[in-house]
1. Is segment 142-154 home to any residue that is under 19 Å from G212 (Cα atoms) and open to solvent by 30 Å² or more (accessible area, probe 1.4 Å)?
2. Do the conditions hold for E207, that is, is it touching a Pro at 6+ places or on another chain (Cβ under 7 Å), among the charged types (D, E, K, R) and surrounded by 15 or more Cβ atoms within 10 Å (Cβ to Cβ)?
3. Find the residue count for segment 258-272, including only residues that are under 16 Å from P31 (Cα atoms) and either surrounded by fewer than 16 Cβ atoms within 10 Å (Cβ to Cβ) or hydrophobic (A, V, I, L, M, F, W, C) (or both).
4. Return yes or no: is E121 acidic (D, E), open to solvent by 60 Å² or more (accessible area, probe 1.4 Å) and touching a Lys or Arg at 6+ places or on another chain (Cβ under 9 Å)?
5. Here are the criteria: (1) on the phi > 0 side of the Ramachandran plot; (2) in contact (Cβ under 8 Å) with a residue 60 or more places away in the chain. Tell me which single one G76 does not satisfy.
6. Hey, D113 hits all of (1) under 27 Å from G15 (Cβ atoms); (2) at pLDDT 80 or above but one; which does it fall short on?
7. State all residues of segment 69-104 that are of a type in the set (F, W, Y) and over 19 Å from the mean Cα position of the chain (by Cα); if no residue qualifies, say none.
8. Just to be sure, is A193 modelled with pLDDT of 95 or more, in contact with a Cys (Cβ under 9 Å, 6 or more places away or on another chain) and open to solvent by less than 30 Å² (accessible area, probe 1.4 Å)?
Amino acid sequence: MSGTFPPLAIPNAAGIGLRSAHIAGMLSKRPSAGWLEVHAENYMGNSAAVDALETLREIYPLSVHGVGLSLGSAGGLDPDHLERLRRVCERFQPDLVSEHLAWSVADGAYLNDLLPLRYDETALAIVARNVDHLQMTLKRQVLIENLSAYIAFADSTMTEGEFLAALVRHTGCGLLLDVNNVYVSAHNLGFDATAFIDKLPADAIGEIHLAGHAVNEVGEDTVLIDDHGSRVPPAVWSLYTAAIEKLGRRPTLIEWDSDVPPLDVLLGEAMWADMLAQLVEFRVRPRPTRIPATRSMALKNEAAHPVRMPVLAAFETIKPNRHVQDYQFRRNNHALA
């Protein structure tokens with residue numbers, strides 16, 4: 001039976017991914033968090049976690065994030081899985097729903113991974129058909145997330161960003177911009193991360209993800225693994241800064257799925273995201289074209305003694321060129337023929 005929840009909307013602020021280890025703390029402490037996101041597949045049955053989420057849904061705006069629908073499957077969406085997702089959305093009435101640009105089902109078997117597509121017109125037609133089916137079933141727009149990649153199809157005829165932009169035009173879907181995924185893929189495949197974000201349709205981006213990643217040395221190469229098992233690293237914070245300078249503030253999620261830390265650590269990462277977004281907003285806010293006379297002396301004093309926001313000092317070390325040069329990675333392309 002679906003719940004009836006107060007009208008909450010996800011703010012342009014930072015939220016956290018709700019993990020089972022944190023449910024008790026969220027229920028007892030009810031800490032300040034912009035919003036919560038859950039994996040849909042964890043709430044498709046009946047359990048204590050489902051009951052707890054109904055309680056938390058009364059307090060926090062909610063996003064539902066799917067990980068198993070396999071939008072890239074040529075055989076279409078699994079009707080049973082789609083129906084379970086529909087029931088989750090009906091029950092919890094989330095403010096946002098999202099899924100991945102990936103496939104994970106082959107011959108009826110679910111693979112424990114999110115696998116990349118070949119980006120061409122044939123794949124676009126398949127994914128667009130599946131996204132249309134998904135949105136018609138849920139009766140809502142769905143956000144589609146870019147993937148972290150380690151190999152690429154050599155015969156793709158478009159980039160992932162071009163594919164996502166075309167998908168938006170064909171289906172009216174939204175986009176979930178995973179900044180960590182962009183950074184990981186850019187490093188592994190050798191493309192420009194900022195250029196990838198710049199080419200996405202900005203108005204379609206309804207949510208941003210941030211996470212940590214693992215660094216693996218493979219021979220003379222360094223491979224980044226999207227493991228969601230650590231704090232957001234400085235280079236990803238820098239790319240996030242570039243993204244919100246272009247896009248403005250968007251609902252931003254801190255993901256942490258492995259080696260899950262105490263709740264306070266996760267909330268602290270969300271606090272940093274909010275502070276950085278506020279700083280960027282402060283920096284790019286348009287200046288008034290005419291200054292009232294009563295303000296002229298005050299502005300002269302400000303010029304003589306500029307105010308340094310505490311968060312500005314905290315982020316002074318987070319600059320793209322400390323670790324990467326304009327996010328360009330001249331690595332060998334790893335191509336899947």
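1. Our first condition is that a residue be under 19 Å from G212 (Cα atoms); within segment 142-154, this holds for 145-150.
Restricting the remaining residues to those that are open to solvent by 30 Å² or more (accessible area, probe 1.4 Å) gives 150.
The answer is yes, given that some residue of segment 142-154 is under 19 Å from G212 (Cα atoms) and open to solvent by 30 Å² or more (accessible area, probe 1.4 Å).
2. Numbers: touching a Pro at 6+ places or on another chain (Cβ under 7 Å): yes; among the charged types (D, E, K, R): yes; surrounded by 15 or more Cβ atoms within 10 Å (Cβ to Cβ): yes.
For E207, the condition - touching a Pro at 6+ places or on another chain (Cβ under 7 Å), among the charged types (D, E, K, R) and surrounded by 15 or more Cβ atoms within 10 Å (Cβ to Cβ) - is met.
3. 10
4. Values: acidic (D, E): yes; open to solvent by 60 Å² or more (accessible area, probe 1.4 Å): yes; touching a Lys or Arg at 6+ places or on another chain (Cβ under 9 Å): no.
In short, no.
5. With respect to (1) on the phi > 0 side of the Ramachandran plot; (2) in contact (Cβ under 8 Å) with a residue 60 or more places away in the chain, G76 is out only on (2).
6. (2)
7. Looking only at segment 69-104, we keep the residues that are of a type in the set (F, W, Y), and these are 92, 103.
Across segment 69-104, the qualifying residue is only F92.
8. On the way: modelled with pLDDT of 95 or more: yes; in contact with a Cys (Cβ under 9 Å, 6 or more places away or on another chain): no; open to solvent by less than 30 Å² (accessible area, probe 1.4 Å): yes.
Considered against the rule, which asks whether it is modelled with pLDDT of 95 or more, in contact with a Cys (Cβ under 9 Å, 6 or more places away or on another chain) and open to solvent by less than 30 Å² (accessible area, probe 1.4 Å), A193 comes out as no.
The values are calculated or read from the model by the stated rules, or taken from the named source; none is laboratory data. Note that the structure is predicted; figures quoted are calculated from it, not measured. So basically every Cβ, Gly included, is an ideal-geometry build from the backbone, and we count neighbours across all protein chains shown. In case anyone asks, the SASA skips ligands and DNA or RNA and just uses the protein heavy atoms, side chains included. Shrake-Rupley method; radii C 1.70, N 1.55, O 1.52, S 1.80 Å.
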